[in-house]
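The values are calculated or read from the model by the stated rules, or taken from the named source; none is laboratory data. Just so we're clear, the structure is a prediction, and the values are computed from it rather than from any experiment. When we count neighbours, we look across all protein chains shown, and the Cβ atoms used for this are built from the backbone with ideal geometry, even at glycine. Heavy atoms of the whole protein, side chains included, go into the accessibility calculation; ligands, DNA and RNA do not. Shrake-Rupley method; radii C 1.70, N 1.55, O 1.52, S 1.80 Å.
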Protein chains: 2
Amino acid sequence: MATQELATWSVNLQYANFTAPVIAAAVTSLYNWAGCAIGGYQQTAPSIALNATSPHFGGPPTSSILGLANNSAQTDAQIAAFVNGIAGHVDDYDDTHLATIIHPTGTVAAALFAVAEWKGGINGSDFITAFVAGVEAELKLGLSVWPQHYDVGWHDTSTTGSIGAAVAVSKLLGLDIPTTQQAIGIAATQVIGMQEFFGSDTKSFHIGRAAQGGMIGALLAQNGFTSSLQGLEAQFGWVHVVSTRENVTAEFDTLGKSWEILQNTFKPYPCGIVMHPSIEGAIEVQSAALGKGLSISDITSVNARVNPETLVLTGQTDPETGLEGKFSVYHGVAVGLLFGEATPSQFTDAVVTNSTVVGLRKLVNVTTDSTVREDEAYISALFKDGTNVTQHIDHVIGSLDNPLSTDQLKAKFMGQASLVLGDARAEKAYEAFLDIGNMSDVGTIVQLFSGANASGTSGALGLDFKVIDVVVMAVVLGLVALLL
Amino acid sequence: MATQELATWSVNLQYANFTAPVIAAAVTSLYNWAGCAIGGYQQTAPSIALNATSPHFGGPPTSSILGLANNSAQTDAQIAAFVNGIAGHVDDYDDTHLATIIHPTGTVAAALFAVAEWKGGINGSDFITAFVAGVEAELKLGLSVWPQHYDVGWHDTSTTGSIGAAVAVSKLLGLDIPTTQQAIGIAATQVIGMQEFFGSDTKSFHIGRAAQGGMIGALLAQNGFTSSLQGLEAQFGWVHVVSTRENVTAEFDTLGKSWEILQNTFKPYPCGIVMHPSIEGAIEVQSAALGKGLSISDITSVNARVNPETLVLTGQTDPETGLEGKFSVYHGVAVGLLFGEATPSQFTDAVVTNSTVVGLRKLVNVTTDSTVREDEAYISALFKDGTNVTQHIDHVIGSLDNPLSTDQLKAKFMGQASLVLGDARAEKAYEAFLDIGNMSDVGTIVQLFSGANASGTSGALGLDFKVIDVVVMAVVLGLVALLL
């Protein structure tokens with residue numbers, strides 16, 4: 001009955017059911033993700049995905065690539081969901097539901113924005129209602145199979161994400177309860193994502209393909225395609241096939257009673273979340289050391305004492321690409337110490353292979369301690385003169401107990417969006433997202449902030465990106481030189 | 001090393017490596033599948049899939065829908081792979097590698113035909129080489145996780161099929177070894193298909209989506225998208241995530257030494273293969289009973305003694321649709337007794353819900369016996385006058401020990417293709433497929449048999465289908481009346 005219970009809840013859900021904090025969490029989740037999808041387009045994965053598909057398989061252009069943010073960069077909704085899904089996750093900078101390590105917004109938002117722009121006339125409250133339905137669906141489902149499903153190697157963001165996207169698009173399209181059940185079934189039978197692909201382009205492919213798979217599930221169901229009315233709970237359905245543990249009925253019983261979206265957190269650093277406490281510790285060590293007149297180049301060894309999960313997920317000792325660096329706590333500590341920050345600029349191929357960074361990385365020793373929580377870390381650096389600088393992060397920034405402030409969230413958005421849009425348009429985009437609940441046609445949001453460059457070609461913007469990359473890199477490497 | 005071993009084998013594979021039986025098996029597999037993809041388009045699933053996607057998401061038309069078989073029915077390669085994949089499997093009439101119950105041709109052929117027609121200039125020997133590479137890949141992989149992977153509920157045709165399609169398309173595109181490894185990784189992380197969806201449109205969706213997923217994997221890898229060089233064997237890669245048992249290195253060591261395609265069999269009946277012995281037994285009981293002057297309407301009870309797997313996979317007692325009837329041994333026995341045959345015409349919604357068929361189905365009792373092999377069955381019918389007619393099927397038709405003859409395979413192809421193409425064009429299609437190894441451009445094969453109707457619209461053909469359906473139904477129901 002779980003599939004029916006989920007579909008029934010979603011179909012009956014109304015915007016009026018939401019408390020103000022739920023709506024606020026939805027709005028924040030959406031603009032945080034949109035910033036990541038705009039900024040993330042500067043990685044290679046999204047543009048490869050677009051260029052390998054759209055020229056050959058792109059239908060009538062209806063839906064925007066957020067990171068291109070101009071009308072000429074539209075493709076069809078199927079490809080837009082795919083590419084924006086990739087772009088929003090490729091920097092590993094999006095959001096996290098800590099109890100499941102699911103990054104919940106990407107699959108659902110990528111599908112919804114693509115469909116809303118294609119269909120037109122979707123108002124903000126309906127959009128947010130569909131979004132929350134999808135997010136709650138994937139998170140309750142994720143909780144129901146946690147941790148066994150994750151421990152065996154599935155990437156639960158995307159394995160649950162196709163189902164979340166199907167629920168959300170079904171809601172947006174106004175499908176009835178049994179048709180929503182059929183859509184859930186079609187999405188459930190597409191299990192996308194394994195942890196082996198972390199640190200490669202395929203990690204973000206998971207989100208794009210799951211977004212697309214869920215969207216296709218809803219469209220097929222709307223057209224009468226059959227699957228199953230019990231795709232989740234059946235003996236050979238989702239929960240039993242992908243997990244040795246499941247608790248789906250009990251979790252779905254809490255739908256609308258406890259809102260998982262209130263547990264969503266936003267990443268301060270664009271990398272695996274379990275290495276965040278170590279990065280913050282390294283940044284604080286740098287600050288303290290510089291305050292004492294010490295030079296980072298005089299460090300002789302670094303020790304990080306962390307929760308064991310840190311090495312399971314981010315234990316790469318010798319990353320060779322920016323993406324691999326996102327799964328290397330060693331790299332995270334090194335850039336925290338060298339740059340005093342960890343933004344997308346610190347996770348480029350050039351920085352990951354920079355000899356100064358590599359040299360410092362090799363001095364980092366990591367020990368695991370099961371008494372250290374996942375949002376906690378102890379970092380100490382030993383300097384040539386014998387000074388030992390130690391910092392303890394009790395609750396890392398971005399965790400539930402220490403969330404990013406509104407200003408920090410805006411700064412995160414602006415830092416990504418302004419690189420592509422420029423400051424004025426990025427500010428306009430931020431304001432548009434804050435007001436998304438009141439929009440009469442959410443599909444037009446991209447046009448709202450596309451500004452004067454709306455007629456620019458994607459090719460021209462592509463060139464702009466490269467110029468920006470060079471500038472960013474020069475600044476970053478200049479900083480390294482200054483610090484040493 | 002398994003992923004590398006597979007990629008290395010595939011990249012080095014040459015047409016000259018094949019023995020004549022391997023080539024013959026490949027050719028038979030291809031035309032048997034093509035017949036199913038032409039005939040299967042008369043089910044609703046493929047046309048829903050086409051109509052829900054192509055008008056909105058279809059790119060430049062390059063690739064044909066086989067069941068429409070005219071140039072105006074072209075769409076892009078991504079959608080063609082999807083829709084032809086569905087059409088080739090929707091009748092459950094395609095082919096079977098008995099050791100894994102994988103239907104190997106669909107995913108690989110659907111992807112390859114779509115790409116070959118799109119790219120153009122792919123000759124027959126290269127096409128067959130790519131096809132065999134893909135089929136061997138998926139079957140060796142399937143063997144390596146059998147039976148645990150299947151027993152937990154995965155539909156192994158599609159879970160391995162995305163990988164087979166990726167290997168095949170990589171081979172067709174001439175990708176090198178590491179790029180083929182990357183393609184395998186992208187395909188491996190898309191695990192499509194669970195057994196809960198058997199008996200619905202989504203069973204054949206599995207094949208279409210897996211074909212498309214593998215194809216996209218190869219295209220992304222060709223464009224530099226990264227995944228992993230050990231996507232199959234890594235701790236959190238395919239074999240360990242989807243199965244509690246794996247033997248992939250040992251299986252891949254046999255690549256090119258034992259050819260799995262030689263173990264491929266072709267279905268005589270369009271339904272779950274485990275119910276085939278019961279159907280053949282029922283057909284033989286009918287023949288024997290009519291020979292004795294008995295009337296099928298005088299049957300008072302039917303007993304089928306079968307291998308236990310028969311009820312696991314085809315145990316539906318009260319099917320309500322044609323697709324559900326394909327997973328009901330009760331329905332199979334009933335139509336075998338009533339019609340003396342089991343063709344696609346016996347698995348329509350109308351026949352499944354026909355009161356005479358339902359009445360006879362309710363008289364069928366099935367007992368399982370683990371000493372009865374999967375290709376074996378005992379069927380007996382008790383008549384009003386006390387006569388008991390019993391037949392024992394030792395090796396069912398279509399099994400390795402009793403394969404379909406060349407004439408039977410041709411008749412199967414013609415029975416499906418002629419419904420759409422008419423006899424003359426179907427014959428031309430058959431001849432074209434027999435000669436596929438010598439073609440200079442395999443992508444043109446659809447044009448070779450599209451004939452005078454090439455300029456017809458798909459709308460007109462759609463109407464033809466409905467007329468044909470009515471005629472077939474009238475003939476079928478007339479037969480029932482005659483027999484009773």
Note on region B:324-344: residues part of a helix (DSSP H, G or I) and either open to solvent by less than 30 Å² (accessible area, probe 1.4 Å) or within 26 Å of B:Thr390 (Cβ to Cβ) (or both) are B:Gly325, B:Val329, B:Tyr330, B:His331, B:Gly332, B:Val333, B:Ala334, B:Val335, B:Gly336, B:Leu337, B:Leu338, B:Phe339
Q. In region A:45-58, is there at least one residue being of a type outside the set (A, V, I, L, M), surrounded by fewer than 24 Cβ atoms within 10 Å (Cβ to Cβ), more than 14 Å from chain B (Cβ to nearest Cβ) and assigned to a loop (DSSP other than H, G, I, E, B)?
A. no
When every residue in region B:11-20 that is within 26 Å of the chain's Cα centre (by Cα) and outside any loop (DSSP other than H, G, I, E, B) is compared, the one surrounded by the most Cβ atoms within 10 Å (Cβ to Cβ) is B:Tyr15
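When you look at B:Glu233, is it more than 14 Å from every other protein chain (Cβ to nearest Cβ), surrounded by 18 or more Cβ atoms within 10 Å (Cβ to Cβ), acidic (Asp, Glu) and touching a helix residue (DSSP H, G or I) at 6+ places or on another chain (Cβ under 6 Å), yes or no? Quick ask: steps written out before the conclusion?
Values: more than 14 Å from every other protein chain (Cβ to nearest Cβ): no; surrounded by 18 or more Cβ atoms within 10 Å (Cβ to Cβ): yes; acidic (Asp, Glu): yes; touching a helix residue (DSSP H, G or I) at 6+ places or on another chain (Cβ under 6 Å): yes.
When the stated conditions are applied, B:Glu233 does not pass them.
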Residue hits (region A:391-428; within 13 Å of A:Pro268 (Cα to Cα) and β-branched (Val, Ile, Thr)) are A:Val396, A:Ile397, A:Thr406
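Hey, does region B:237-244 have a residue that's more than 30 Å from A:Ser158 (Cα to Cα), among the small types (Gly, Ala, Ser) and surrounded by fewer than 24 Cβ atoms within 10 Å (Cβ to Cβ)?
Within region B:237-244, the first condition is being more than 30 Å from A:Ser158 (Cα to Cα), and the residues that meet it are none.
No: region B:237-244 contains no residue that is more than 30 Å from A:Ser158 (Cα to Cα), among the small types (Gly, Ala, Ser) and surrounded by fewer than 24 Cβ atoms within 10 Å (Cβ to Cβ).
Taking B:Val145 as the residue in question, decide whether it is closer than 19 Å to A:Ala52 by Cα, more than 13 Å from chain A (Cβ to nearest Cβ) and open to solvent by less than 10 Å² (accessible area, probe 1.4 Å).
Working: closer than 19 Å to A:Ala52 by Cα: no; more than 13 Å from chain A (Cβ to nearest Cβ): yes; open to solvent by less than 10 Å² (accessible area, probe 1.4 Å): yes.
Judged against the criteria, B:Val145 is not a match.
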Of (1) open to solvent by less than 10 Å² (accessible area, probe 1.4 Å); (2) facing chain B (nearest Cβ under 8 Å), A:Met215 fails just (2)
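Does A:Gln391 satisfy the criteria of being polar (S, T, N, Q), surrounded by fewer than 24 Cβ atoms within 10 Å (Cβ to Cβ) and within 14 Å of another protein chain (Cβ to nearest Cβ)?
Numbers: polar (S, T, N, Q): yes; surrounded by fewer than 24 Cβ atoms within 10 Å (Cβ to Cβ): yes; within 14 Å of another protein chain (Cβ to nearest Cβ): no.
Criteria not met by A:Gln391.
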request  = Determine whether B:Ser204 is in a helix (DSSP H, G or I), touching a strand residue (DSSP E or B) at 6+ places or on another chain (Cβ under 6 Å) and at negative phi.
outcome  = no
- Query: Any chance region B:307-317 includes a residue that's closer than 29 Å to B:Phe413 by Cα and crowded, with 24+ Cβ neighbours inside 10 Å?
  - Reply: yes
Output for Cβ contacts, cut-off 6 Å, separation at least six or different chains, first residue of a type in the set (Ser, Thr, Tyr) in region B:143-158, second open to solvent by 50 Å² or more (accessible area, probe 1.4 Å), reads B:Ser144/B:Glu246; B:Ser144/B:Asn247
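Among residues belonging to region A:92-102 that are open to solvent by 10 Å² or more (accessible area, probe 1.4 Å) and on the phi < 0 side of the Ramachandran plot, point out the one that is nearest to the other protein chains (Cβ to nearest Cβ). Show your work before the answer.
Narrowing region A:92-102 to residues open to solvent by 10 Å² or more (accessible area, probe 1.4 Å): A:93, A:98-99, A:101.
So of that shortlist, the ones also on the phi < 0 side of the Ramachandran plot come out as A:93, A:98-99.
Values: A:Tyr93: 19, A:Leu98: 21, A:Ala99: 20 Å.
It comes out as A:Tyr93.
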Only one of (1) surrounded by fewer than 24 Cβ atoms within 10 Å (Cβ to Cβ); (2) part of a helix (DSSP H, G or I) does not apply to B:Gly106, and that is (1)
Review point. Got at least one residue in region A:345-357 being surrounded by fewer than 17 Cβ atoms within 10 Å (Cβ to Cβ) and either in contact with a strand residue (DSSP E or B) (Cβ under 6 Å, 6 or more places away or on another chain) or closer than 18 Å to A:Pro268 by Cα (or both)?
Key: no
Scanning region A:177-201 for residues that are assigned to a helix (DSSP H, G or I) and aliphatic (A, V, I, L, M), the one farthest from the other protein chains (Cβ to nearest Cβ) turns out to be A:Ile177
### Message
When you scan region A:163-176, do you find a residue that is under 30 Å from A:Leu400 (Cβ atoms), of a type in the set (Asp, Glu) and part of a loop (DSSP other than H, G, I, E, B), even just one?
### Response
no
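Filter region B:60-88 for residues that are within 14 Å of another protein chain (Cβ to nearest Cβ) and either open to solvent by 10 Å² or more (accessible area, probe 1.4 Å) or under 13 Å from the mean Cα position of the chain (by Cα) (or both) and give the result. It would help to see each step written out before you state the result.
Restricting attention to region B:60-88, the residues satisfying the condition of being within 14 Å of another protein chain (Cβ to nearest Cβ) are B:60-63, B:74-83, B:85-87.
Within region B:60-88, B:Pro60, B:Pro61, B:Thr62, B:Gln74, B:Gly85, B:Ile86, B:Ala87 qualify.
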In the set A:Thr28, A:Thr3, A:Thr8, the lone residue that is touching a residue at least 12 places away in the same chain (Cβ under 8 Å), under 28 Å from A:Pro178 (Cα atoms) and open to solvent by less than 30 Å² (accessible area, probe 1.4 Å) is A:Thr3
Exercise for the section: Go through the residues of region A:444-465 one by one and say whether even a single one is closer than 30 Å to A:Gln14 by Cβ, at pLDDT 95 or above and in contact with a helix residue (DSSP H, G or I) (Cβ under 6 Å, 6 or more places away or on another chain). Expected result: no
Of the listed residues (A:Ala116, A:Ala111), the one being touching a residue at least 60 places away in the same chain (Cβ under 8 Å), open to solvent by less than 10 Å² (accessible area, probe 1.4 Å), over 30 Å from A:His240 (Cβ atoms) and not polar (S, T, N, Q) is A:Ala116
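Do we have any residue at all in region A:282-292 that's more than 21 Å from the chain's Cα centre (by Cα) and within 23 Å of A:Gly39 (Cβ to Cβ)? If you could, list the steps in order and put the result at the bottom.
The initial filter retains those residues of region A:282-292 that are more than 21 Å from the chain's Cα centre (by Cα), namely A:282-292.
This time we only want the ones that are within 23 Å of A:Gly39 (Cβ to Cβ), so: A:282-283.
Looking through region A:282-292, at least one residue is more than 21 Å from the chain's Cα centre (by Cα) and within 23 Å of A:Gly39 (Cβ to Cβ).
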- Item | Residue check, B:Leu220 touching a helix residue (DSSP H, G or I) at 6+ places or on another chain (Cβ under 7 Å), within 14 Å of chain A (Cβ to nearest Cβ), without any contact (Cβ under 8 Å) to a residue 40 or more places away in the chain and of a type outside the set (Val, Ile, Thr) | yes
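Inspect region A:251-265 for any residue being assigned to a strand (DSSP E or B), away from chain B (no Cβ under 14 Å) and in contact (Cβ under 8 Å) with a residue 24 or more places away in the chain and give the result as yes or no. Talk me through it step by step, then tell me what you get.
First, the residues of region A:251-265 that are assigned to a strand (DSSP E or B): A:264-265.
The next check asks that each one be away from chain B (no Cβ under 14 Å); those that pass are A:264-265.
With the extra rule that they be in contact (Cβ under 8 Å) with a residue 24 or more places away in the chain, the set shrinks to A:264-265.
Yes.
Going by the structure shown, is A:Ser380 part of a strand (DSSP E or B), assigned by TED's automatic domain parsing to the domain that holds A:Ser295 and not aromatic (Phe, Trp, Tyr)? First the steps, then the outcome.
Details: part of a strand (DSSP E or B): yes; assigned by TED's automatic domain parsing to the domain that holds A:Ser295: yes; not aromatic (Phe, Trp, Tyr): yes.
Considered against the rule, which asks whether it is part of a strand (DSSP E or B), assigned by TED's automatic domain parsing to the domain that holds A:Ser295 and not aromatic (Phe, Trp, Tyr), A:Ser380 comes out as yes.
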Contact list, first residue from region A:409-423 and in contact (Cβ under 8 Å) with a residue 60 or more places away in the chain, second anywhere and open to solvent by 20 Å² or more (accessible area, probe 1.4 Å) and of a type in the set (Gly, Ala, Ser), beta-carbon distance below 9 Å, six or more apart or interchain, is A:Leu421/A:Gly451
Worksheet item: Hey, does region A:131-147 have a residue that's farther than 25 Å from A:Thr314 by Cα and either among the charged types (D, E, K, R) or not assigned by TED's automatic domain parsing to the domain that holds A:Ile79 (or both)?
Response: yes
